[in-house]
Amino acid sequence: MLRSETGHDPDKMAAALHGLRAYQAAPRAPRPAPMPAIARAGRATLLDYGGEGRPVVFVPSLINPPHVLDLLPDVSMLRWLSTQGLRPLLVDWGEPSPGEAGLGIAGHVETLLLPLLETAGRDAAMAGYCLGGTMALAAATIRPPAALALIATPWRFSGFPDEARAGMADIWEQARPTAQAMGLLPVEALQAAFWRLDPRRTVEKFVAFGQSERSPDAIRRFVALEDWANDGAPLTPAAGQELAEAMFGRDDPGEGRWTVGGRTVDPAALACPLLDIISTTDRIVPAASATGAGTRVTLAQGHVGMVVGGRARATLWQTLAEWLTRPHMA
């Protein structure tokens, strides 16, 4: 894949490999201390980031670890929000076992997310990032929160480029036999699918990392983010199948056919205020895949950059803090 994306340019390939080796050899900063778990549902836990004010349950994607929302002590949306009159609570999905092979995305909502929401209280709001937003929408249909904020959330999967949808189908077909034999879908399979959404950017960032002089702080941030991107628990085969076939394949959510807990999930029919934050430059979850419902805020930052980038606090973080503490939330 690296060779194809460098266009058989030996100089560019050498530069990318040099950057990759520099990343691998770079020192690692310790992860922030884990926050206390205040509730558990099966393997999933709800982590408390403290703070005074309304609880907000943050629902991360099943793909990659949840700590992108708490990347480093000074690059942590959740720790910052805890100083802004809110009490962030983070869902940690944990690691599935082969015995959960039949648990799909909808099943994660029904058996793990909804019980955790019950422990947060009826005045709690919710915020979902990426596929976590899709799942938060389903949970909000069954148990309406005080409000729901979506961050780079895919809903209308027909809004993804055709090649991205075909690539997801291809990777699932290749991974299916292994997933069924293991009872688990290695996260690397899905990471490869999302890597295909913006492969040139993946190569270019390692070229830039190897060629530029960076401060220790910039190296620390780059390494922490790449380590996060290359990490993650496996998925259940049923969740991988639902993502590849029902979502990317048939667009069941966007076509009004996705049901969770016996109810059809319809963003326009939610019984709570809805904020949908999208980005015009997001190549992982394109703006065309957004719900089209509720109040829309448009940014111009990448899928991950909007959460941890240099402008994240002034844009995404501040937007969330202001909306979640408005009078309409009373």
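The values are calculated or read from the model by the stated rules, or taken from the named source; none is laboratory data. Everything numeric in this text was worked out from a predicted model, so none of it was measured. Here Cβ is always computed from backbone atoms with ideal geometry, including for glycine, and neighbour counts include all displayed protein chains.
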- request: Check LEU225 against each of (1) closer than 27 Å to MET126 by Cα; (2) surrounded by fewer than 17 Cβ atoms within 10 Å (Cβ to Cβ) and name the one condition it does not meet.
  value: (2)
query: Mind checking which pairs have a first residue in the range 236-247 that is over 16 Å from PHE160 (Cβ atoms) and a second that is surrounded by fewer than 24 Cβ atoms within 10 Å (Cβ to Cβ) and of a type in the set (D, E, K, R), Cβ under 7 Å, 6 or more apart or different chains?
result: THR236/GLU100
statement: Given the conditions (1) at pLDDT 95 or above; (2) within 19 Å of TRP228 (Cα to Cα), every one holds for GLY310 apart from (1)
Condition check for LEU275: out of contact with any Phe, Trp or Tyr (no Cβ under 8 Å at 6 or more places or on another chain) and under 20 Å from LEU148 (Cα atoms): no
Strands (runs of 3 or more DSSP E) wholly inside the range 1-115 containing at least 2 residues that are within 26 Å of VAL285 (Cβ to Cβ) and not small (Gly, Ala, Ser): 44-48, 54-59, 86-92
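Yes or no, residue by residue, for (1) small (Gly, Ala, Ser); (2) more than 24 Å from ALA290 (Cα to Cα); (3) modelled with pLDDT of 90 or more:
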| site | (1), (2), (3) |
| --- | --- |
| GLN211 | no, yes, no |
| PRO237 | no, yes, yes |
| MET247 | no, no, yes |
| ARG263 | no, no, yes |
- request: Go over the candidates MET182, MET126, MET168 one by one and state the one that is among the hydrophobic types (A, V, I, L, M, F, W, C), modelled with pLDDT under 95 and over 21 Å from ARG250 (Cβ atoms).
  value: MET182
message: Among the residues in the range 158-172, are any under 15 Å from the mean Cα position of the chain (by Cα) and either within 15 Å of VAL285 (Cβ to Cβ) or part of a loop (DSSP other than H, G, I, E, B) (or both)?
response: no
query: Which is free of Cβ contacts under 8 Å to residues at least 12 places away in the same chain and aliphatic (A, V, I, L, M), of ALA39, ALA14?
result: ALA14
- prompt: GLY132 passes all but one of (1) closer than 16 Å to VAL109 by Cα; (2) in a strand (DSSP E or B); which number fails?
  reply: (2)
- request: Quick one: in the range 52-71, of everything that is more than 20 Å from VAL307 (Cα to Cα) and not acidic (Asp, Glu), which residue is surrounded by the fewest Cβ atoms within 10 Å (Cβ to Cβ)?
  value: GLY53
message: Here is a list: GLY94, GLY107, GLY102, GLY121. Which entry is surrounded by fewer than 24 Cβ atoms within 10 Å (Cβ to Cβ) and touching a helix residue (DSSP H, G or I) at 6+ places or on another chain (Cβ under 6 Å)?
response: GLY102
message: It is to be established whether one or more residues within the range 274-294 are in contact with a Cys (Cβ under 8 Å, 6 or more places away or on another chain), surrounded by 18 or more Cβ atoms within 10 Å (Cβ to Cβ) and among the β-branched types (Val, Ile, Thr).
response: yes
statement: Within the range 228-239, restricting to residues that are of a type outside the set (Ser, Thr, Tyr) and in contact with a Pro (Cβ under 9 Å, 6 or more places away or on another chain), the one that is surrounded by the most Cβ atoms within 10 Å (Cβ to Cβ) is LEU235
message: Tell me whether the range 78-89 contains one or more residues that are among the β-branched types (Val, Ile, Thr) and within 19 Å of the chain's Cα centre (by Cα).
response: no
task: Give the range 295-318 a look and list any residue that's among the small types (Gly, Ala, Ser), crowded, with 16+ Cβ neighbours inside 10 Å and in contact with a Ser or Thr (Cβ under 8 Å, 6 or more places away or on another chain), or say none.
output: GLY302
- prompt: Quick check: is even one residue across the range 252-265 assigned to a strand (DSSP E or B) and over 25 Å from THR111 (Cβ atoms)?
  reply: no
Residues of the range 278-330 satisfying the condition of being more than 13 Å from ALA152 (Cα to Cα) and in a strand (DSSP E or B): THR295
